[in-house]
Amino acid sequence: GQQLNQSPQSMFIQEGEDVSMNCTSSSIFNTWLWYKQDPGEGPVLLIALYKAGELTSNGRLTAQFGITRKDSFLNISASIPSDVGIYFCAGPPNTGNQFYFGTGTSLTVIP
Amino acid sequence: EAGVAQSPRYKIIEKRQSVAFWCNPISGHATLYWYQQILGQGPKLLIQFQNNGVVDDSQLPKDRFSAERLKGVDSTLKIQPAKLEDSAVYLCASSLDSGMNLFFGPGTRLTVL
C-alpha cells in the first residue's frame, strides 16, 4: 500500500500557540484530506483539498495542497485544549480510488 | 442524518477463536471501507467495496480475514482464527462514491488474549 509520512510524529504546545504539520507521499495524490481522531472515536474530516496549490480554511484551521501534489500542510492557529488529538492526512493516489492514511501527528495542548 | 454504525464496540477473545464485526454505512453511500488501526498507527485499508463488489482487498490477510457486503448495504468482517497481532480497532467508513470524502464509524476495539 501507499506510504504517507507525517511530521512531526508528536507535538506538545502551549495553549494559544500556532501549530504546523505536514504530510508527504512518494506518489501523486488527487485529493488531500485532513482528519482528526479523538480517543475511542473514528476519524472526523476537517478539511478537503482538491487541486494543486489550493489553500483552504475552516475556522482556525488552514490546509494547503502542495504544488507537486505529493504533499500537504495543516496549520492550526491559536490552539485550544480541545485541539488535542491525532491528526491524519489521507487521500487517493492518482493510480486509483483507494484511500490511504498517514502515520499521524499527535497533538497535546497544555493549558 | 445517521452516521456509520458499527457493532460491537468492544470484543475480547482468545487466540484461535473467531470473531465478526458488523457495519451499517450512511444511507446511499456506494463505497464501504474496512480499516485496521493498530495502537499508535494510522488506519490501514483492509478492503474496499463499491456497492457489493470488491475494489481492493490487496492488504486483507485472506487466510484468516473475510468480508462481505451482501445487497450493497451492510457489511461484515470476520477473523477466523484470530491471532494476538489482530488486536486493533477495526474502523468502518463509507463514502458517496470512490475517491470521495470518507465518514467513519466509532470502530470496534478487538483484544485477542
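The values are calculated or read from the model by the stated rules, or taken from the named source; none is laboratory data. A quick note: this is a predicted structure, and the numbers were derived from the prediction, not measured. Don't worry about glycine lacking a Cβ; one is built from the backbone with ideal geometry, like all the others, and counts go over all protein chains shown. To get the accessible areas, we keep the full protein, side chains included, count just its heavy atoms, and leave off ligands, DNA and RNA. Shrake-Rupley method; radii C 1.70, N 1.55, O 1.52, S 1.80 Å.
The table that follows gives values for the structure above.
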| item | result |
| --- | --- |
| Some residue of region B:60-74 being surrounded by fewer than 16 Cβ atoms within 10 Å (Cβ to Cβ), away from chain A (no Cβ under 14 Å), aliphatic (A, V, I, L, M) and in contact with a Lys or Arg (Cβ under 7 Å, 6 or more places away or on another chain) | no |
| Within region B:28-43, tally of residues that are farther than 27 Å from A:Ser106 by Cα, small (Gly, Ala, Ser) and surrounded by 14 or more Cβ atoms within 10 Å (Cβ to Cβ) | 1 |
| Selection within region A:64-98 - among the polar types (S, T, N, Q) and within 18 Å of A:Ser10 (Cβ to Cβ) | A:Asn75, A:Ser79, A:Ser82 |
| So A:Tyr100, is it under 24 Å from B:Ser58 (Cα atoms), within 11 Å of another protein chain (Cβ to nearest Cβ) and hydroxyl-bearing (Ser, Thr, Tyr) | yes |
| Residue tally, condition within 9 Å of chain A (Cβ to nearest Cβ) and free of Cβ contacts under 8 Å to residues at least 40 places away in the same chain, over region B:20-53 | 5 |
| Any hit, region B:44-53, residues being open to solvent by 20 Å² or more (accessible area, probe 1.4 Å), within 26 Å of A:Ile47 (Cβ to Cβ) and in contact with a strand residue (DSSP E or B) (Cβ under 6 Å, 6 or more places away or on another chain) | yes |
| Residue ranges of strands (runs of 3 or more DSSP E) in region A:48-111 with at least 2 members open to solvent by 30 Å² or more (accessible area, probe 1.4 Å) | A:55-58, A:61-65, A:71-76, A:105-110 |
| Conditions (1) farther than 25 Å from B:Pro106 by Cα; (2) touching a residue at least 12 places away in the same chain (Cβ under 8 Å); (3) of a type in the set (A, V, I, L, M); number of the one not met by A:Leu55 | (2) |
| When residues of region A:10-32 are limited to those that are of a type in the set (S, T, N, Q) and at pLDDT below 95, the one farthest from A:Gly102 (Cα to Cα) | A:Asn30 |
| For B:Ser95: the one exception among (1) under 17 Å from A:Gln98 (Cα atoms); (2) away from chain A (no Cβ under 11 Å); (3) open to solvent by less than 30 Å² (accessible area, probe 1.4 Å) | (2) |
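Every residue, every condition in (1) within 26 Å of A:Cys89 (Cα to Cα); (2) within 13 Å of the chain's Cα centre (by Cα); (3) in a loop (DSSP other than H, G, I, E, B), yes or no:
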residue	(1), (2), (3)
B:His29	yes, no, yes
B:Phe49	yes, yes, no
B:Ser58	yes, no, yes
B:Val89	yes, yes, no
B:Pro106	yes, yes, yes
